[in-house]
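Working notes for the structure below.
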Amino acid sequence: MHTYLENRQLSDALNGYKAFLAPMLKPLETEIIPVSAASGRITACAVHAKISSPHFNACAMDGIAVRAADTFNASELSPVMLNQEQYRVVDTGDPVPESFDAVIMIEDIIFHGDCAELRAAACAWQHVRQIGEDICQGDMILPSYTKLTPSAVGALLAGGIIQVEIFKRVRVGIIPTGDELIPIGQSPKSGDIIEFNSHMLRASLIEAGCEVAIYDITRDSLEALNNALLRGVAENDAALLIAGSSAGRDDYTNSVISKNGAVFCHGIAIRPGKPAVLGVCGNKPVIGIPGYPVSAAIVLEQIVLPVISLLTKNPPPAAHIVNAVISRKIVSGLKYMEFLRVKLGYIRDRLVAIPMARGAGAIASLAKADGVAVIPCDSEGLDSGDEVEVELLRPLDEILHSVTVVGSHDPMLDIIGDIMRRKSDYYLSSAHVGSMGGIMALLRDEAHIAPIHLLDLATGVYNTTYEEKHFPGKETTLVKGVKRTQGIMVQKGNPKGIMSVSDLKNVTYINRQKGSGTRILLDFLLKQNGISADDIDGYQNEEYTHTAVAAKIAAGNAGAGLGIYAAAKMFDLDFIPVADEEYDFLIKTETLDNPMVQTFIETLRSEELKTELEKMGGYELYER
């Protein structure tokens, strides 16, 4: 039935698995619940109206009820006067009085004491909602296997239905596995991994209408996993086993599914998510999900939710797909369909997709992504400027109202974005590609704002030289931002005794990426001190943010790195100041009147930001 770690195309694997499951799956049990509590549930059978709606002839306007025949000769030149026996005053929603068959709006009536003057004739059933106009008794309001929307709830109640038979929710059991896992709430020690995957998957499954049980962490043993699987299958309609699906020594998922049922497929040609296992136990779907969080999220979206729809007879909602232009070249393997997380910016009437971190464990990239771009199999990747389809992860309206900031990283950008959300209707979307990357993005119209801190090695001046070089036509404006202190970050207590740049030869270094202002500053300091980059152990080890550098030092993965004081403070590191620099914002002058850009600049000038920067330390706001 299967080959260990296959490489099946996604569509082939999913369609084949659904066909494999279809004859085995038992219909879900049903239950009868109040209609008022049924929104979002799936009807188990057709629902027919018990009464008509409206169930009486109802007045559709405020005015008077009349007999149409009494008004036939009314005109502007020959008004008709009705006495109080020939009309009844009514309000919207009232039953039409017996023997009357039309309603005239109050605005079209002139009263003379008890008499009503009409200057236009009424036709029969004018302004009357007749019996069954909306729903007739016996009409089918909803067919089987239909999701109850709020309006459908209203239609059922209007049709006299107060209870409805619906399918019980699909019950999914999630079994996390691994000796390295600890429950949420515990403090992790070295080697421990907080088990959050199950809660991430649970949130998505609940959003899809499922009931979800998360089982205790199962340790890496065949017997323990076997027992957990049998329980999960017995108590649920489907079971998910997290981790243990690749080819490592303790990866038992494939074995226990085979022992208790059958494996249809082990290995799908997607990245991330390749090691997924698709199987069945006790005539119920059992899916082995990779342990890396992004892999788990992709497999849930691409495999699990479509399989759940087999049980509910209700397809998952259609993805919202948009076309965007990729901002830089992306190389991809020919063997896999790749799901690439991207940030999106709306610049010059087009969507620009900015690739994010690609690792299967980079859960933050999935949480912060605006969408997922798909690179098909048999493709070597994408060139800068290629059009790509992107499945949105947040509403398009939010993206259209986001100022796109691409360039040098600083934690203050998150603070600015937070203040903007609290004070305006705009969002901030940032991508950290270094100062030179920001300038290139601005040149290609792929950003609204480029944060930069670029030191001219010849003059010691920040930013203006680079602006003049790359934008000689003076089409940009440099908005002054903050002065901030750069320094050498080292572990608490400075165990290596680092006092200056010269001492970096005695420690493993963690660097910033090429084109970043911090990297350029380091090169300037090394040259100033007569030190070659080849003398620095770890010079080629790169990170994209100040906080990532600080985290590596705090963990002991590196002994030193250049960064800002605020990052050192976050990780309780020692800090040896080496330079004060200017962190500014380059903006094309033609976009200065963009309301989102204006809101960004106003936030940069705000007292709220000043207060937050004072708390972080290492910043000084200066004249703009």
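The values are calculated or read from the model by the stated rules, or taken from the named source; none is laboratory data. Given the structure is predicted, the values throughout are model-derived calculations rather than measurements. We place every Cβ from the backbone using ideal geometry, glycine too, and count neighbours over all the protein chains shown. Just the protein is used for accessible areas: all its heavy atoms, side chains included, with ligands, DNA and RNA removed. Shrake-Rupley method; radii C 1.70, N 1.55, O 1.52, S 1.80 Å.
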Per the list (1) within 27 Å of residue 618 (Cβ to Cβ); (2) aliphatic (A, V, I, L, M); (3) out of contact with any Leu (no Cβ under 9 Å at 6 or more places or on another chain); (4) crowded, with 16+ Cβ neighbours inside 10 Å, residue check on residue 405 breaks on (3)
Filtering segment 486-517 down to residues that are open to solvent by less than 10 Å² (accessible area, probe 1.4 Å) and either in a strand (DSSP E or B) or small (Gly, Ala, Ser) (or both) yields 486, 487, 488, 489, 490, 509, 511, 512, 516, 517
Flagged in segment 512-526 as of a type in the set (Lys, Arg) and modelled with pLDDT under 90, in numbering order, are 514
All-but-one check, residue 36 against (1) in a loop (DSSP other than H, G, I, E, B); (2) touching a residue at least 40 places away in the same chain (Cβ under 8 Å), failing number (1)
Pairing a residue in segment 353-371 that is under 14 Å from residue 271 (Cα atoms) and basic (Lys, Arg) with any residue that is buried (at least 17 other Cβ atoms within 10 Å of the Cβ) and modelled with pLDDT of 75 or more, where Cβ atoms lie under 7 Å and the two sit 6 or more apart in sequence or on different chains, gives 358/340
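One line per residue, one yes/no per condition, for (1) under 15 Å from residue 310 (Cα atoms); (2) over 32 Å from the mean Cα position of the chain (by Cα); (3) surrounded by fewer than 19 Cβ atoms within 10 Å (Cβ to Cβ):
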position: 21; (1), (2), (3): yes, no, no
position: 48; (1), (2), (3): no, yes, yes
position: 59; (1), (2), (3): no, yes, no
position: 68; (1), (2), (3): no, yes, yes
| So residue 186, is it modelled with pLDDT of 95 or more, open to solvent by 70 Å² or more (accessible area, probe 1.4 Å) and under 51 Å from the mean Cα position of the chain (by Cα) | no
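Looking only at segment 521-549, count how many residues are open to solvent by less than 30 Å² (accessible area, probe 1.4 Å) and either over 23 Å from residue 365 (Cα atoms) or assigned to a strand (DSSP E or B) (or both). Before the answer, list the steps.
To start, the set of residues in segment 521-549 that are open to solvent by less than 30 Å² (accessible area, probe 1.4 Å) comprises 521-522, 525-526, 531, 536, 538-539, 545-546, 548-549.
Imposing the further condition that a residue be either over 23 Å from residue 365 (Cα atoms) or assigned to a strand (DSSP E or B) (or both) reduces the set to 521-522, 525-526, 531, 536, 538-539.
Qualifying residue count for the region: 8.
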Considering residues that are touching a strand residue (DSSP E or B) at 6+ places or on another chain (Cβ under 9 Å) and either surrounded by fewer than 16 Cβ atoms within 10 Å (Cβ to Cβ) or among the aromatic types (Phe, Trp, Tyr) (or both), the number found within segment 135-156 is 8
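Return yes when residue 53 is more than 30 Å from residue 238 (Cβ to Cβ), crowded, with 19+ Cβ neighbours inside 10 Å and among the small types (Gly, Ala, Ser) and no when it is not.
On the way: more than 30 Å from residue 238 (Cβ to Cβ): yes; crowded, with 19+ Cβ neighbours inside 10 Å: yes; among the small types (Gly, Ala, Ser): yes.
Here the answer is yes, as residue 53 does meet what is asked.
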Within segment 194-229, residues in contact (Cβ under 8 Å) with a residue 24 or more places away in the chain and β-branched (Val, Ile, Thr) come out as 212, 214, 217, 218
Restricting attention to segment 80-119, the residues that are out of contact with any Pro (no Cβ under 9 Å at 6 or more places or on another chain), open to solvent by 60 Å² or more (accessible area, probe 1.4 Å) and over 20 Å from residue 58 (Cβ atoms) number exactly 8
For segment 120-132 the number of residues that are touching a residue at least 60 places away in the same chain (Cβ under 8 Å) and in contact with a Ser or Thr (Cβ under 8 Å, 6 or more places away or on another chain) is 2
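It is to be established whether one or more residues within segment 571-582 are among the small types (Gly, Ala, Ser), closer than 27 Å to residue 416 by Cα and not in a loop (DSSP other than H, G, I, E, B).
As a first pass, look at segment 571-582 and keep what is among the small types (Gly, Ala, Ser): 579.
Still in the running and closer than 27 Å to residue 416 by Cα: 579.
In the following step, the residues that additionally are not in a loop (DSSP other than H, G, I, E, B) were identified as 579.
Yes.
Check segment 24-44 and report whether any residue there is of a type in the set (A, V, I, L, M, F, W, C), more than 17 Å from residue 163 (Cα to Cα) and exposed (fewer than 13 other Cβ atoms within 10 Å of the Cβ). Show your work before the answer.
Keep residues of segment 24-44 that are of a type in the set (A, V, I, L, M, F, W, C), which gives 24-25, 28, 32-33, 35, 37-38, 42, 44.
This time we only want the ones that are more than 17 Å from residue 163 (Cα to Cα), so: 24-25, 28.
Then drop every residue that is not exposed (fewer than 13 other Cβ atoms within 10 Å of the Cβ), which leaves none.
The answer is no; no qualifying residue exists.
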Within segment 564-618, of all residues that are polar (S, T, N, Q) and touching a residue at least 60 places away in the same chain (Cβ under 8 Å), the one surrounded by the fewest Cβ atoms within 10 Å (Cβ to Cβ) is 589
Within segment 120-133, residues of a type outside the set (A, V, I, L, M) and open to solvent by less than 90 Å² (accessible area, probe 1.4 Å) come out as 123, 126, 127, 129, 130, 132
Scanning segment 361-402 residue by residue, those modelled with pLDDT under 85, in a loop (DSSP other than H, G, I, E, B) and either in contact with a Gly (Cβ under 8 Å, 6 or more places away or on another chain) or open to solvent by 60 Å² or more (accessible area, probe 1.4 Å) (or both) turn out to be 378, 380
